[in-house]
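Okay, so here's the structure we're looking at.
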Amino acid sequence: MSALVLAVCNQKGGVGKTTTTYHLARAGVRAGRRVLVVDLDPQGTLTTIAAREEVPEDSVSVADVLSARTKEPLGDVLVPGTWEGLDVAPTVGENLGVVRDELVVAGAGRESRLRDALGTVADRYDLVLIDCPPSLDQLTINALVAADAVLIVTQSKQASINGLVKLHETIEAVRRNYRADLSIAGVMVNQHEQNTVSGQTWLEELRGAMTILEPPMPKAVVFSDAAEASVGLDEYGSRVANRLAETFDSYLTDLEEAAR
């Protein structure tokens, strides 16, 4: 069975895509999956929290895989992740931002560079998670073309929900032109404030329009604190963290079922 490739997307920053990718990777490892995370955000935050050791800025990285000038094999840039069973395709320095600009003017085939690269290592993994940048640029297009399905991370707030329209348009464009079978595996509502009228109102709006992963992820500082400490929620040592770890286990099961 080939790896399931999920792109974790939303063009709005600050919704928790990177920490979601990290905690889903932990859920995958806990479930016995061989997991690869691809850091496709020029900020490189996922690399910082998910790599077992600090990745030097002069290391080969995802940028070298996507650039026509270097064409580094993906297998040669992978580094061990925090846990056994996890590998990281890292982003370091400013190189990925440069390659993003290079892709804007690149010719035919630019949208499938990541898909082609993943094809060379897919048999090593059960699950590939792509952390997308907070924009609908050529990096995100590469992620969507490479993915089997999309996980949208959003918040139960008007500003976050309004941005989903543009993301849906981009997904539809990828379906028409590159991947007719690309699906939306689910929508994760992050940092949900369940005790506010606004939060409940917008959550119901989302439930009426999309398939929401249940329950919504509550606003909890442990969500980001565990990631910044490079530990899993189940390793963090609190009842709240353990409960959230179980929620991510449930999310992963639902996503795998929806994407298959």
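The values are calculated or read from the model by the stated rules, or taken from the named source; none is laboratory data. Keep in mind the model is a prediction, meaning the values are calculated, not measured. Note that we place each Cβ from the backbone using ideal geometry, even for glycine, and neighbour counts take in every protein chain shown. Keep in mind that these areas ignore ligands, DNA and RNA; they rest on the heavy atoms of the full protein, side chains included. Shrake-Rupley method; radii C 1.70, N 1.55, O 1.52, S 1.80 Å.
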Over segment 221-260, the set of residues in contact with a helix residue (DSSP H, G or I) (Cβ under 6 Å, 6 or more places away or on another chain) and not in a helix (DSSP H, G or I) is Ser230, Gly232
Go through Arg176, Arg243, Arg239 for me and flag whichever is within 26 Å of Thr140 (Cβ to Cβ) and open to solvent by 70 Å² or more (accessible area, probe 1.4 Å). Arg176
Of those in segment 148-173 that are open to solvent by less than 10 Å² (accessible area, probe 1.4 Å), in a helix (DSSP H, G or I) and within 19 Å of Leu255 (Cβ to Cβ), the residue modelled with the highest pLDDT is Ile171
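Just need a number here: residues in segment 75-92 that are open to solvent by 30 Å² or more (accessible area, probe 1.4 Å) and either more than 26 Å from Leu252 (Cα to Cα) or touching a residue at least 60 places away in the same chain (Cβ under 8 Å) (or both). Walk me through how you get there before you give the answer.
First, the residues of segment 75-92 that are open to solvent by 30 Å² or more (accessible area, probe 1.4 Å): 76, 78-80, 82, 84-85, 87.
With either more than 26 Å from Leu252 (Cα to Cα) or touching a residue at least 60 places away in the same chain (Cβ under 8 Å) (or both) added as a condition, the list becomes 76, 82.
Residues flagged as open to solvent by 30 Å² or more (accessible area, probe 1.4 Å) and either more than 26 Å from Leu252 (Cα to Cα) or touching a residue at least 60 places away in the same chain (Cβ under 8 Å) (or both) within segment 75-92 amount to 2.
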Being at pLDDT below 85 and crowded, with 20+ Cβ neighbours inside 10 Å is the filter here, so list the residues in segment 179-202 that pass it. Gln191, His192, Gly199, Trp202
Restricting to segment 34-59, give me the number of residues that are surrounded by fewer than 19 Cβ atoms within 10 Å (Cβ to Cβ) and not polar (S, T, N, Q). 7
